[in-house]
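Before any comments, here is the structure.
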Amino acid sequence: MAVGPTLHTLEFNRRYVHDLVADISPEKMCDAAGTLTNHPAWQIGHLTVILGYAGTMLGLDTMLEQEWLDLFDRGSTVDHEQSHYPQKQELLGRFDDLHDTLARGLRGATEELLDQPTPERFQMRAFAPTIRDAVCFLLTWHEGAHAGQIAAWRRAKGLDNVL
């Protein structure tokens, strides 16, 4: 993994997610949008959980508490009741904190660490055999895919495009 380009993409994704939700009021973050079930609150929480996993692979203490895993991990049930989710500022604050932690962790990651096999518990080894592959995938493709889902939610809600 080339750390420089991954860090650049990581920062781009952070800014893009912020831009995507900048004009969405906290009360609307869990709104339904047509057939799209994953609202912006879930998307940001999910990305935050996945950042925690990526940090864990890098040997960082980034695992989120069980409440966040229950709300936002793969397979969680999404609902549209705002009171079931953290507020917008908390979601973005945790997202930003983990972005900062991951950037520091990437800068300090050794080649030896990055070349280790992806831990089995993350169920990614088939397409991301090393920690290098897994972290790069999570911080670039995965974040971009979920940002795209927020962009689709915006379109379904009749909001302007961002970018």
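The values are calculated or read from the model by the stated rules, or taken from the named source; none is laboratory data. Note that this is a predicted model, so its numbers are computed, not measured. Counting neighbours? That spans all protein chains shown, and the Cβs are built from the backbone with ideal geometry, glycine included.
Of the residues examined, ALA145 is one that is aliphatic (A, V, I, L, M), surrounded by fewer than 20 Cβ atoms within 10 Å (Cβ to Cβ) and part of a helix (DSSP H, G or I). Which condition from (1) closer than 24 Å to GLN116 by Cβ; (2) modelled with pLDDT under 95 is the one that GLU11 breaks? Just one mismatch for GLU11, condition (1). Could you list, in sequence order, the residues of segment 61-86 that are exposed (fewer than 14 other Cβ atoms within 10 Å of the Cβ) and either farther than 16 Å from GLU143 by Cα or modelled with pLDDT of 95 or more (or both)? Within segment 61-86, ASP61, MET63, GLU65, GLN66, GLU67, ASP70, GLY75, THR77, GLU81, SER83, HIS84 qualify.
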